[in-house]
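First comes the structure, then the notes that go with it.
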Amino acid sequence: MTASPRPAPEFPAWPQYSDEERTGLIRALEQGQWWRIGGSEVDSFEHEFASYHGADHALAVTNGTHALELALEVLGVGPGTEVVVPAFTFISSSQAAQRLGAVAVPVDVDPGTYNIDPAAAAAAITPRTKAIMPVHMAGLVADLDALAKLSADSGVPLLQDAAHAHGARWQGKRIGELGSVAAFSFQNGKLMTAGEGGAVLFPDEGLYEQGFLRHSCGRPRTDRGYFHRTSGSNFRLNEFSAGVLRAQLKRLDSQIDTRERRWPVLRELLAAIPGVVPQGGDDRADRNPHYMAMFRVPGIGEERRNSLVDELVARGLPAFAAFRAVYRTDAFWETGAPAETVDELAERCPHAEAITTDTVWLHHRTLLASEQDIRDTAAIVADAVAGL
Ligand SMILES: *Cc1c(COP(=O)(O)O)cnc(C)c1O
C-alpha cells in the first residue's frame, strides 16, 4: 500500500479534563469523607445525572458491568430465568445475566443500525424471560417504539444498556423518560468518565430502593445496627470518582453537539467510498451521542478486516475491529448459555455474524476533531480500502 500523502489528522486527547475535574477531586479530598455514605459528591452526582436524563432516580455504582448486574437483579433475574440480549454487543451485556445464574439468549441485530432486531427479540421470549436488553450501539438509539410495544405486549421489562448513550433522546424523550431501567458506564473510553464507574436510572422509587439496598450489602442508608435487609454486594462508587463525573457531565452536551455535527459529514464521505457502508441511524432518535464511528466493508472477511484496521492505525486513525458476537467467545459457554450449538446460534444471527467480521470502528475523539480532520480521516479510509 502507498503511504498517505496527508499528515495524520490530529485528534483531541481522551479523556478530557480541566480545572472543573481538578476542583471536584480536591473537593472530595478535603471533605474528609471518601465514601458515599459519609460524603455528598455521589449524592449530588446522582441528582444531577438523573435530572439531566429526565429520570426520578439514579444510583451510581462501581462500573457499567455492575450497573447491568444490579439492574437485572432488581428486575428479578436469577437462576431459572432468561435475558434476551443482542448477539452483537460488548460481552458485559450477556455476562451480567450469566453472572446472576440466568441464561443469556442472544438474538440477531439489524444489519444497518447494528441494534437488536425487535422481531428477533419477540421470537426469543419464553415464560422464563425476565428482561429484554437493547444496547444503543455506538450511541445510535435502538428502535424504542417497537421495543416498548414488545415489552407492553409480553409484560417483560426493558433494560437499556446505555453504556454508549449518555444524553441520547428518542422522539423528544430523554433516556430517563422512557419508563424503563437504564444502565450506564463511565469507563475510561466512554462519553463521560472517571476511569471506571457506572450508574442505573430507575423509573420508580421501589426499584431504586431495591437497587440502593443491593448495591450496599443490603443495608439501608441510615442503618447503624447491621440490619442487612436483602442480599447484595458492594457496588458503591467512591467520592473522588463522583467529583470528576460531576465535571464530566457539564461538558457532555457541547461534546455531543460537536459529534452530532461531525458524524453526518463523515458518514456521507464514508458512504461515497466504494465497498464501505457506514452505520445507519433511526430518524426517530433526535439526539445520538455517537460513542463510535462505525462502518462495514461487506464481504471483506475477518482477516482482511483486521489488516485494514492495522493499516488505519498505522496511518494515525484510532481504529478498532468490531466486537465479536457474544457466542463466539469461550466466556459465553462457561455458564448460562442457551441449549443451542454455536452453529445454530450463528444461523439464527446472520447479521451479527457478518458485522463481527466486516466492521471497523473509530474512537469518538475522531468526531471531536475539526471538519478538515474528518475529511482527512475519510480520505485515509478511502485510500486504505482501495489498497486492500
Ligand atoms: C463498556 C460497556 C459495558 C460495561 O461497562 P464497564 O464500565 O466497562 O464495566 C457494558 N455494555 C456495553 C455495551 C459497553 O460498551
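The values are calculated or read from the model by the stated rules, or taken from the named source; none is laboratory data. These numbers come from a predicted model, not from an experiment. Cβ placement follows ideal geometry from the backbone for every residue including glycine, while neighbour counts extend to all protein chains displayed. Ligands, DNA and RNA are stripped out before the accessible areas are found, and what is left, the full protein with its side chains, is counted by its heavy atoms. Shrake-Rupley method; radii C 1.70, N 1.55, O 1.52, S 1.80 Å.
General observations
- Contact annotation: residue pairs with Cβ atoms under 6 Å, 6 or more positions apart or on different chains, pairing a residue in region 35-62 that is touching a residue at least 60 places away in the same chain (Cβ under 8 Å) and of a type outside the set (Asp, Glu) with a partner that is open to solvent by 40 Å² or more (accessible area, probe 1.4 Å) and assigned to a helix (DSSP H, G or I), are 39/31; 45/246; 54/177.
- Note on region 178-199: among residues that are part of a strand (DSSP E or B), within 12 Å of the ligand (Cβ to nearest atom) and not polar (S, T, N, Q), the one that is farthest from residue 148 (Cα to Cα) is 198.
- Among the candidates 324, 304, the residue that is open to solvent by 60 Å² or more (accessible area, probe 1.4 Å), in a loop (DSSP other than H, G, I, E, B) and at pLDDT 95 or above is uniquely 324.
- Residues that are assigned to a strand (DSSP E or B) and of a type in the set (Gly, Ala, Ser) do occur in region 127-147, at least one of them.
- Across region 161-177, the qualifying residues are those that are in a loop (DSSP other than H, G, I, E, B) and in contact with a helix residue (DSSP H, G or I) (Cβ under 7 Å, 6 or more places away or on another chain), and the one among them that is surrounded by the fewest Cβ atoms within 10 Å (Cβ to Cβ) is 167.
- Of everything listed in (1) in contact with a Phe, Trp or Tyr (Cβ under 9 Å, 6 or more places away or on another chain); (2) away from the ligand (no atom under 12 Å from the Cβ); (3) open to solvent by less than 20 Å² (accessible area, probe 1.4 Å), the single unmet condition for residue 158 is (1).
- Meets criteria (in a helix (DSSP H, G or I), open to solvent by 10 Å² or more (accessible area, probe 1.4 Å) and out of contact with any Leu (no Cβ under 7 Å at 6 or more places or on another chain)) for residue 310: yes
- Here residue 84 passes the criteria (1) in contact with a helix residue (DSSP H, G or I) (Cβ under 6 Å, 6 or more places away or on another chain); (2) more than 30 Å from residue 118 (Cβ to Cβ) except the one numbered (2).
- Among (1) open to solvent by less than 30 Å² (accessible area, probe 1.4 Å); (2) β-branched (Val, Ile, Thr); (3) assigned to a helix (DSSP H, G or I) - the single one residue 65 does not satisfy: (1)
- Look at region 175-195: where a residue is closer than 12 Å to residue 248 by Cα and a partner is within 12 Å of the ligand (Cβ to nearest atom) and in a strand (DSSP E or B), sitting 6+ places away or on another chain with Cβ atoms under 7 Å, you get 186/198.
- Taken residue by residue, region 104-113 has no member that is free of Cβ contacts under 8 Å to residues at least 40 places away in the same chain and within 16 Å of the ligand (Cβ to nearest atom).
- Region 16-42, residues that are open to solvent by less than 40 Å² (accessible area, probe 1.4 Å) and acidic (Asp, Glu): 21, 41
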